[in-house]
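Beneath this line is the structure, given in structure tokens, with notes to follow.
The values are calculated or read from the model by the stated rules, or taken from the named source; none is laboratory data. The shown structure was predicted, so the numbers you read here are calculated from the model rather than taken from an experiment. Methodologically, a virtual Cβ is constructed for each residue, glycine included, from the backbone with ideal geometry; neighbour enumeration extends over all protein chains shown. Just the protein is used for accessible areas: all its heavy atoms, side chains included, with ligands, DNA and RNA removed. Shrake-Rupley method; radii C 1.70, N 1.55, O 1.52, S 1.80 Å.
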Amino acid sequence: MFDVAVLGAGAAGMMCAAVAGQRGLRVVLVDHAERLAEKIRISGGGRCNFTNIGAGPANFLSDNPHFCRSALAGYTPQDFLALLKRHHVSWHEKHRGQLFCDDSSESIIELLRAECDAGGVQWRMGCSVAEIGHGEHGFELRTSQGPIRAAKLVVATGGMAIPQLGATDFGLKIARQFGLKVVEPRPALVPLTFDAEQWQSLSELSGVALEVNLHTGQGKARGEFLEDLLFTHRGLSGPAILQISSFWKPGEPIVVDLAPGRDLAEELLASKSGNRQQLHTVLAGLWPKRLADRWLHLAEQGGKPGLASLRLADAPDKTLRALAQDIHQWTLVPSGTAGYKKAEVMRGGVDTRGLDQKSMQAKTTAGLYFIGEAVDVTGWLGGYNFQWAWASGVACGKAL
Ligand code: FDA
């Protein structure tokens with residue numbers, strides 16, 4: 001009989017098991033994967049963007065936005081950096097507070113494994129769980145390695161992104177089994193796709209990248225980011241799109257400013273007098289040439305013949321204003337996302353209104369806890385999701 005069974009030996013599960021084990025609890029960590037923490041391994045291009053130095057509640061999406069506050073305040077990015085220091089793991093800041101390992105994400109896995117070993121955690125890797133029973137004395141897991149009994153159960157089975165790495169919806173099934181509500185899950189931090197016919201005229205831009213400002217949604221559901229956009233064969237990707245995908249709702253438009261931070265109408269009108277440059281040359285100075293070519297070609301096809309070769313000096317003010325507006329407010333409606341196979345995370349998950357924010361314990365079932373990505377707390381791109389995994393894991397590990 002264990003004090004605690006932690007189901008899922010990923011980022012949150014290992015952190016929680018280590019904290020609980022080091023407090024003297026008898027902990028068993030169960031995972032159906034043969035290899036430990038595959039998502040940490042592949043994260044951040046193999047260097048694991050393990051936190052974001054500015055991580056705070058505003059960087060997370062949830063139906064219950066205040067829920068994450070307590071755990072995030074109780075374990076900060078600085079706390080994780082102190083842990084890295086103790087294990088001599090060196091790191092660097094890459095972009096907007098995103099912290100990566102200098103060497104490889106393996107060092108984070110090794111650190112967590114060592115922390116678990118220091119807490120005497122028992123490992124059950126390659127162990128699948130068929131059924132979870134619950135009675136007076138706690139929980140009984142019917143597993144491929146025999147029954148496991150524990151007074152408390154922590155569910156840390158993550159989200160559904162990248163099923164080919166063993167991601168499942170098991171955490172959500174367990175939540176439902178115990179009468180908890182689930183906020184509808186969907187892929188997030190994911191490329192957006194468009195109707196093949198709609199995208200045909202843009203598919204040749206595949207590989208073009210540029211910085212944009214983009215937004216979607218309204219009021220509290222609005223998301224806005226200044227990031228790099230990448231054109232692909234099927235649609236749009238890159239950090240800008242991954243960020244906005246978490247806010248995007250099917251049927252809604254996204255609005256892309258392809259010349260962020262500038263007033264293009266003002267600039268074009270101010271430099272117009274005596275300027276013999278063709279509009280094509282002007283746009284090619286602003287953007288990758290392929291994008292300038294295609295943009296003007298499509299505008300010409302859309303009823304503005306001769307636009308590309310029009311000299312700036314000869315262009316009517318109205319034409320320049322309309323061109324600038326189209327560039328600042330490129331509005332398009334994605335047909336969908338590239339799905340869990342390409343997503344970095346799952347949005348939605350166990351409804352946090354059914355959980356205690358300090359301990360992550362289910363309000364209606366004593367001894368049952370949910371942490372990490374399985375819970376309806378989803379971070380932006382940039383190290384926030386691992387910070388939530390660490391923080392929720394520590395909050396739970398201390399409360400068990
Ligand atoms: P995690 O997915 O880490 O662990 C869940 C564990 O549960 C897995 O080991 C799985 O095998 C196990 N499991 C699942 N179902 C089970 C079942 N039925 N029975 C037994 N075990 C089961 N985030 C970030 O902050 N910075 C980054 O750089 C990246 N990069 C990144 C790249 C890619 C390609 C992906 C897919 C994701 C990221 N992320 C990220 C997101 C990050 O990996 C993710 O949010 C955390 O790993 C979530 O931690 P959890 O512990 O909740 O789940």
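The table below gives the values:
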item	result
Under 10 Å, Cβ to Cβ, from Ala389 - net charge with Lys/Arg +1 and Asp/Glu -1	0
Radius 15 Å from Cβ of Arg222, net charge of other residues (Lys, Arg +1; Asp, Glu -1)	-1
Cα gyration tensor shape of the stretch 286-394, rounded if a/c is under 1.5, else prolate or oblate by comparing a/b with b/c	prolate
Solvent-accessible heavy-atom area per residue, rounded to whole Å², over the stretch 192-337 at 1.4 Å	49
Relative contact order computed over the stretch 37-151 (Cα-Cα under 8 Å; 6+ residues apart), in percent	23
Per residue accessible area in Å² of the stretch 348-400, where ligands, DNA and RNA are left out and the probe is 1.4 Å	25
Cross-link pairs beyond the 25 Å C-alpha cut-off, checked among Lys85/Lys363; Lys85/Lys341; Lys249/Lys341	Lys85/Lys363; Lys85/Lys341
The stretch 192-337, accessible surface, carbon-and-sulfur percent (1.4 angstrom probe)	48
Reciprocal of mean inverse Cα separation for the stretch 145-276 (Kirkwood radius, Å)	18.5
Percent of beta bridges antiparallel (DSSP, the chain, rounded to nearest 5)	75
Charge context of Gln329, other residues only, Cβ under 14 angstrom, K/R +1, D/E -1	-2
Residue range of the chain that is longest and free of GluC sites (Glu not before Pro) which are both DSSP loop and sparsely packed (at most 10 other C-beta within 10 Å)	137-400
Kirkwood hydrodynamic radius over Cα pairs of the stretch 76-158, then Stokes diffusion coefficient at 37 °C and 0.692 mPa s, in µm²/s	208
Coil-residue trypsin sites (Lys or Arg not before Pro) of the stretch 52-161, DSSP, other Cβ within 10 Å capped at 15	Arg96
Loop-located trypsin sites (Lys or Arg not before Pro) in the stretch 168-224, at most 14 other Cβ atoms within 10 Å (DSSP)	Lys181, Arg222
Computed over the chain: relative contact order in percent, which uses C-alpha pairs under 8 Å that are six or more apart	25
Efficiency of FRET from Cβ geometry, Thr364 and Thr168, R₀ 22 Å, rounded to 0.05	0.40
Hypothetical label at Thr281: residues of the stretch 297-314 whose amide nitrogen lies under 16 Å (7 Å Cα-Cβ projection)	307-314
Per-selection Rg to Rh, the stretch 192-337 - Cα, Kirkwood hydrodynamic radius	0.98
Qualifying lysines (Cα of each under 27 Å from Cα of Lys272; at least 8 residues distant if same chain)	Lys289, Lys304, Lys318
Share of alpha-carbon pairs per 20 Å distance bin for the chain, given as whole %	27, 47, 21, 6, 0
